[in-house]
Amino acid sequence: IINMQHKSKQEKTTSFDSSFFPECWSDDRRMGVLLAEFRPRQLNIASYDSKMKFWKDLILSSCRESGSSVVSVTTLKERFRRKGTVPYCLNTVFHDMLSKRELCSDNLLKDHGKTGVYGFNLWTVGQLIKTPLVWSYETVRAITGFVNFNESDSYIVKSIAVEHIKIIENVVATHNLQNKTMKYEDFLFILFQSSNITRNGVGPPIIFLEKEKRLTTKSVIIDDTKTFLIKFASIDGIAQPITSIEKSIYEIEQRENRLMEDITSIEHDISQTMEKVRQHIQNGQKQMAKTLLKKKHILEKSMQLKITALDTLQGILQKIHNCQSDKNVIKAYQLGTDALKNVLNTSGITIEQLDNTVTEMKNVLEQHNEMLSMISAVPIDDIDELELELELGDLIDMKLTESNIDKHNISTPALVPPVENRPSNAHDFDTEIEKRLAALRVDIESSKLASNAQ
């Protein structure tokens, strides 16, 4: 929560600028017609409607420039005074705007006694919330006498009030003020710094927002002082009443801010005291320097106590905020648990069904593995590998004979030895076959070389 010192001189004052006047404002002839009273509409409908539109648009521009939706005939006459001449047609313009519900009465916003946070008392707030702020032409006439209404009576320009509502909501969103309990004057300080809305113009949009439950207020007593708190709703939400917990948090935060200010002030005093001590030492005033050093130690002890108290308050606030965060986490857990339960219930899945399915899947996989084992155990053919090796050796011997190679000259044992002399290891047969093939390749290459030589 923002801690600020608000004084009347800090409030935004109305500095009225005439730059919004149209170009024709400098045309004496044109303005002479526009400042005059309206002629009967039936004489020239187009001219009448054009003049009415001119003054309505000028009133809207004036409200935007002044930062207030509250207007009166008296105020506008002075504002639109031109070369000493005031517009005599404003009464007719107000009558037309009231009849078309472009204005609404400001009676309920007036101060009937002890003023409250918005410049009006709680009775007027209650009446305004209970009664729609869109007053018909006949209603205003019944209250004000209409035909001879007082030119000093104030009215609210509805379209400008709506614009101010949007500005306030944008300021709230920009500064992240949703669901934050804060002092009303602190909010006004932020609003005045962020827009041209004045204190006179902030009342109507605030009342509209409270009526629509976009904000809530509460009057509390803090340190024997009456304070008005305000809390805005979240985006697209409804403002909840300010609870006792939020009030306590606000009070703790205010005390935290005051402690920080006190610590800063004591640090400044210590700095000044030490500067005086140095001056007294330079001047040889040892007793004065000693006295000021005692004061410095007293200030340091006081500051240490305040720092300890500040640490305690900040620890309490942190725990409170952590509790609120934990509450949101637990709520999220609960929502997730409920959602998962609903999904399981709608899907029809149970523990028993899942157990049966897993058991059945295991049985099917076991049967499949047994079938694969049985298939792999079936021999593909019944041909003896040893017989193939012997047949291949015979074929190689025949090839050697055709090539006139004496196999007895080869320093390898016979490829096909007698049965009693056959090697017991199949690897020996492979080695003999490879030697025979090598001899065969050598003979073939020699034959080719001889042929090429001839």
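The values are calculated or read from the model by the stated rules, or taken from the named source; none is laboratory data. Owing to the predicted nature of the structure, the values given are computational and were not obtained by experimental measurement. A quick note on method: Cβ atoms are made from the backbone with ideal geometry, for glycine too, and the neighbour counts reach across all protein chains shown. For the accessible areas, the whole protein counts, side chains as well, though only heavy atoms, and no ligand, DNA or RNA atoms are used. Shrake-Rupley method; radii C 1.70, N 1.55, O 1.52, S 1.80 Å.
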Output ordering of 282-290, 53-61 (per-residue mean of other Cβ within 10 Å, highest first) is 53-61, 282-290
Protection proxy ranking, peptides 69-81, 165-177, average beta carbon neighbours within 10 Å, highest first: 69-81, 165-177
Label-point separation, Leu388 to Arg258 (7 Å along Cα→Cβ), nm: 10.3 nm
Nitroxide proxy distance, nm - points 7 Å out along Cα→Cβ at Gln279 and Val329: 5.6 nm
Please give the FRET efficiency for Lys290 paired with Ile320, using the beta carbon to beta carbon distance and R0 = 35 Å, rounded to the nearest 0.05. 0.15
If each residue of separation counts as 0.36 nm, what is the full-extension length gain between Ser26 and Thr225 once their alpha-carbon separation is subtracted? 66.3 nm
How many Å² of accessible area per residue for the range 243-348, probe 1.4 Å? 73 Å²
The range 243-348: relative contact order as a whole-number percent, Cα under 8 Å and 6+ apart: 30 percent
Can you figure out the FRET efficiency of Lys341 with Glu370, using R₀ = 25 Å and their beta-carbon distance, to the nearest 0.05? 0.05
Report the gain in length on full extension from Glu251 to Gln178: 0.36 nm times residue separation, minus Cα-Cα distance, nm rounded to one decimal. 24.4 nm
Virtual paramagnetic centre 7 Å along Cα→Cβ of Arg81, amide N under 14 Å, in the range 35-74: 74
What list of ³J(HN,Hα) couplings, whole Hz, do you get for the range 362-369 from phi and the Karplus terms 6.51, -1.76, 1.60, once you set θ to phi - 60° and write x for glycine and proline? 4, 4, 5, 5, 5, 4, 5, 5
Net charge near Leu310, counting Lys/Arg +1 and Asp/Glu -1 over other residues with Cβ under 11 Å of its Cβ? -1
